[in-house]
């Protein structure tokens, strides 16, 4: 679908369904993006759409993928092996337990910043 020559990559209905199911306000989404409260209304009316970075942040907030918000499929859930490995790490590694405890109550933005710091340290 195109509007004014711009390819529409955002499925507002999916966004709205996920947002409501998680009890997240449009105002919160806009605040996390550093935008005004009318942002989501503009998306609904197709006056604008999120750019790739905004889409990534919105997907993180909603616990989904940018591809799903573009009309694609949901990513597959973690496999039993991946979950088992994560649980094993949490049981056996004190450092992983500490990270999990800190991240459990963190905001999505706090987690993103922590991930960026850890990635920088690894480099």
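Pairing each residue of the range 12-27 that is assigned by TED's automatic domain parsing to the domain that holds residue 62 with any residue that is buried (at least 17 other Cβ atoms within 10 Å of the Cβ) and not in a helix (DSSP H, G or I), provided the two are 6+ apart or on different chains, yields C-beta distances under 8 Å for 18/64.
Looking only at residues in the range 63-73 that are at pLDDT below 90 and closer than 16 Å to residue 22 by Cα, the one that is surrounded by the fewest Cβ atoms within 10 Å (Cβ to Cβ) is 63. Among residues of the range 68-81 that are farther than 15 Å from residue 15 by Cα, those with a beta-carbon under 9 Å from a residue that is modelled with pLDDT of 75 or more and surrounded by 13 or more Cβ atoms within 10 Å (Cβ to Cβ) at least six positions away or on a different chain give the pairs 75/64; 75/65; 75/67; 75/68; 78/86.
The values are calculated or read from the model by the stated rules, or taken from the named source; none is laboratory data. Since the model is a prediction, treat every value here as computed from it, not as a measurement. We place every Cβ from the backbone using ideal geometry, glycine too, and count neighbours over all the protein chains shown.
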